[in-house]
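One structure is given below, encoded as structure tokens.
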Amino acid sequence: PVTIKVTDASSKIGDVDASGKVDAKDYLLLKRYCLRTLELTDNQLRRGDIDQNKTVNSKDYALLKRACLGTYKIAD
């Protein structure tokens with residue numbers, strides 16, 4: 001896990017790639033980050049911190065996966 005330092009209020013939590021929507025691409029980016037095959041920027045990490053606990057880990061990945069499947073609503 002990494003501690004989140006940057007805040008970017010203009011982007012939605014879960015929208016890791018800042019495309020304007022939360023979708024499978026965001027899920028795949030967070031999955032690759034958790035598998036340590038991809039580095040994310042500080043802003044991407046902030047948007048990937050789904051549970052807002054200032055760390056990005058497998059729990060955030062699981063919540064984003066559920067959001068993409070429609071079984072979890074990301075808080076605004």
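The values are calculated or read from the model by the stated rules, or taken from the named source; none is laboratory data. All of these numbers come straight from a predicted model, not from anything done at the bench. Note: ideal-geometry Cβ built from the backbone for every residue, glycine included; neighbour counts use all protein chains shown.
Couple of notes before you dig in:
- In the stretch 7-30, the residues that are modelled with pLDDT of 95 or more and among the basic types (Lys, Arg): 25
- Every residue from the stretch 20-29 that is assigned to a loop (DSSP other than H, G, I, E, B), surrounded by 12 or more Cβ atoms within 10 Å (Cβ to Cβ) and of a type outside the set (Asp, Glu): 22
- Meets criteria (hydroxyl-bearing (Ser, Thr, Tyr) and modelled with pLDDT under 95) for residue 41: no
- For the stretch 30-48, the tally of residues that are buried (at least 20 other Cβ atoms within 10 Å of the Cβ) and either in contact (Cβ under 8 Å) with a residue 40 or more places away in the chain or over 19 Å from residue 20 (Cα atoms) (or both) stands at 3.
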